[in-house]
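The structure appears below as C-alpha cells.
The values are calculated or read from the model by the stated rules, or taken from the named source; none is laboratory data. Here the structure is a predicted model, which is why all the values come from computation and not from measurement. We place every Cβ from the backbone using ideal geometry, glycine too, and count neighbours over all the protein chains shown.
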Amino acid sequence: MKQILKKTELENGITILTDYMPHAYSVAVGAWIPRGSRHEAPDEYGLSHFYEHLVFKGTQKRTALEIARAIEDRGGNLEAYTTRQETGFYAQVESSDLPLAIDVIADMLMHPRLEKKEMEKERRVIIEEIHSYDDIPEELVGDVFNAIHFKGSGIAHSITGNVQQVKALTHRQMLKYKQQVISQIPILVCASGRVNHDSLVKLCKEKFAEKTIDGSCPSDIYKATQSVKVVQKQDITQSNLFWGLSFDRSHMDNRDRAALSMFNVAMGAGMASRLFQKIREEKGLAYSVYSTADIYRDCVDWGVALATEPHQLKTALELSIDETKMFLKHGFRAGEFERTRANILGGMHLGADSPEKRLVRMAEQMLHLGEFRSMEKSEKILKSLTEDEVVSTTNRLFDAAKFSAAVVEPKSKKKTVLEMNFF
C-alpha cells in the first residue's frame, strides 16, 4: 500500500500535501483552518461553526446557489465541518475539475461576502440545528461529559455553542474571523486521487494569492478533572451514558497510538466487540453500545457510550467497566488479537479505495499530530505490535488518565446517584 506523497510549504502560510492515486478517476481536495471551537474566547462560543455556515452564503463573485451549483452541476459534492480542533472545507470532483474545486473553496475562504441579512437568516438555521441536537440525548450526553471532564479548557464547550451564545455573536466578530483566516492563521490544503502536485501548488499560489501569514496555530490548553454529572430531561425514555477518560498526549507515541486503536476496536468498535457482545447480545441491556477515541494536538480521550432503560443503567455501567478491567488484567482472549488487527488492516485497505477517506485521514493527521504517517508505515507498526505491548501500553495510559461519567436520563422525582469506581 505504497503512497505517492508530496508536500510543499508556501511562504504565505499555505501548506500543500498530495496523495497521488494513479488509477483514480476523481480527486478529493480541501482546505483546513487549524482553528475550532476549543480556540474560542467565552464571548465567541459557536463562532467557528457559525463562520463555516456563513461562507456558503455567498462570495464576492458567487451567490449561495452558484457555490452549490458550481460543484454539484459537475456531479461532485462540496462538504464542510467544524470540530473542536479545526474547520474544513472539501470537495470530491472528476480530476479535470480540480481547478474548479480549488477556485470555489479558495473563493469561500478569501472572499466571503458575510452580509448582515444572511447572517441573521443563518443564525436562525443554526439555532434550529442546536435544538435538533438538544432533542438527541446521545449527542447531549457527550457534551455534558466534555463540559465536566474538560472544565477549564476549550474542549469543554460545545462546537455549536448554545442558543444564547449564538444569539450574541456579532457581524464584527465574523469580519474579524475573516481577517484572521486571510492574514494570520495558516491553511492546510490537501488532495487525494488523480492529482498532479505541481499543478495544485500553482493553483494554490493563484487562488490564495491574497493569503498572508502573521501568526501560528492557536494554542491548546489541556485540562481535565474527575467528575460525575446526571442531567434529567423531559420527553425521553432511556438513560444515556458516556463514561471515559483522557490523558496528556505526551504519554503516547506512534506505537502507543496503534496500541490504543487495537484496544478500542477490541472493546467497542463493532458488533463483534466485547461491549457489544456482553451488553447487547448476552444481556440484552442496550440497542446501541460502543467505544470511541479522539486524538487532539495535546491530549487523547477514550470513552464508552450506551443507552438503556433507567433501571438497567447501573448494571450496564458496571458491565462496561468490568469488561474494561478484564482486558487490563488479562489482555486479549484466544484469537482476539489477530481478529482485531485484521479488522483494522481490512478497514484501512477498504478505505484506500476512497480519495475522500484518504483525504480526511491525511488532513486530520497533519492537524492533530503535526505529521502525516503513510498507510504503509501504519501497517508496519500494526503488524509489529505484540499482545503484551498492547496490554501494557493500555494499562500505562489508563494509569496516567483522569476519568469522568455523564448521564442524561428521563425526568423523575429521583435522580440517579452514581458512585463510580474510577480505575
* Asked: Somewhere in region 386-394, is a residue in contact with a Phe, Trp or Tyr (Cβ under 7 Å, 6 or more places away or on another chain), surrounded by fewer than 16 Cβ atoms within 10 Å (Cβ to Cβ) and free of Cβ contacts under 8 Å to residues at least 60 places away in the same chain?
  -> yes
* Could you please let me know if Thr59 is among the polar types (S, T, N, Q), under 25 Å from Gly76 (Cβ atoms), touching a Cys at 6+ places or on another chain (Cβ under 8 Å) and touching a residue at least 24 places away in the same chain (Cβ under 8 Å)? => no
* Hey, among the residues in region 179-234 that are in contact (Cβ under 8 Å) with a residue 40 or more places away in the chain and among the acidic types (Asp, Glu), which one's nearest to Arg84 (Cα to Cα)? -> Asp220
* Among the numbered criteria (1) more than 23 Å from Ser37 (Cβ to Cβ); (2) in a strand (DSSP E or B), which single criterion is violated by Gly75? -> (2)
* What pairs can you find where one residue is in region 310-338 and assigned by TED's automatic domain parsing to the domain that holds Ala401, the other is surrounded by fewer than 12 Cβ atoms within 10 Å (Cβ to Cβ) and at pLDDT 95 or above, and their Cβ atoms are less than 8 Å apart, with a gap of 6+ or different chains? -> Gly331/Asp388
* From the list Ile67, Ile102, pick out the single residue that is in the same structural domain as Ser153 (by TED's automatic domain parsing) and touching a Ser or Thr at 6+ places or on another chain (Cβ under 8 Å). => Ile67
* To do: List the strands (runs of 3 or more DSSP E) that sit entirely inside region 1-62 and contain at least 2 residues that are under 22 Å from the mean Cα position of the chain (by Cα) and hydroxyl-bearing (Ser, Thr, Tyr).
  => 14-20
* Which condition number does Phe263 fail, the rest of (1) hydrophobic (A, V, I, L, M, F, W, C); (2) in contact with a helix residue (DSSP H, G or I) (Cβ under 6 Å, 6 or more places away or on another chain); (3) modelled with pLDDT under 95 being met? -> (3)
* Just give me the residues in region 78-98 being in a helix (DSSP H, G or I) and either within 20 Å of the chain's Cα centre (by Cα) or over 11 Å from Val27 (Cα atoms) (or both), in sequence order. => none
* Among (1) under 25 Å from the mean Cα position of the chain (by Cα); (2) at negative phi; (3) loosely packed, with under 13 Cβ neighbours inside 10 Å, where does Gly370 come up short? -> (2)
* Can you tell me how many residues in region 231-267 are crowded, with 20+ Cβ neighbours inside 10 Å and either touching a Lys or Arg at 6+ places or on another chain (Cβ under 7 Å) or part of a strand (DSSP E or B) (or both)? -> 12
* Structure fact -> When region 329-351 is checked residue by residue, the ones that are part of a helix (DSSP H, G or I) and more than 30 Å from Met362 (Cα to Cα) are Lys329, His330
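Could you tell me which residue of region 295-319 is surrounded by the fewest Cβ atoms within 10 Å (Cβ to Cβ), considering only residues that are among the polar types (S, T, N, Q) and part of a helix (DSSP H, G or I)?
The extreme case among them is Thr315.
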* Counting just the residues of region 107-136 that are in contact with a His (Cβ under 8 Å, 6 or more places away or on another chain) and either farther than 21 Å from Tyr90 by Cα or among the small types (Gly, Ala, Ser) (or both), which one comes out surrounded by the most Cβ atoms within 10 Å (Cβ to Cβ)? -> Met119
* Options Met366, Met326; residue that is at pLDDT 95 or above and either outside any helix (DSSP H, G or I) or out of contact with any strand residue (DSSP E or B) (no Cβ under 7 Å at 6 or more places or on another chain) (or both) -> Met326
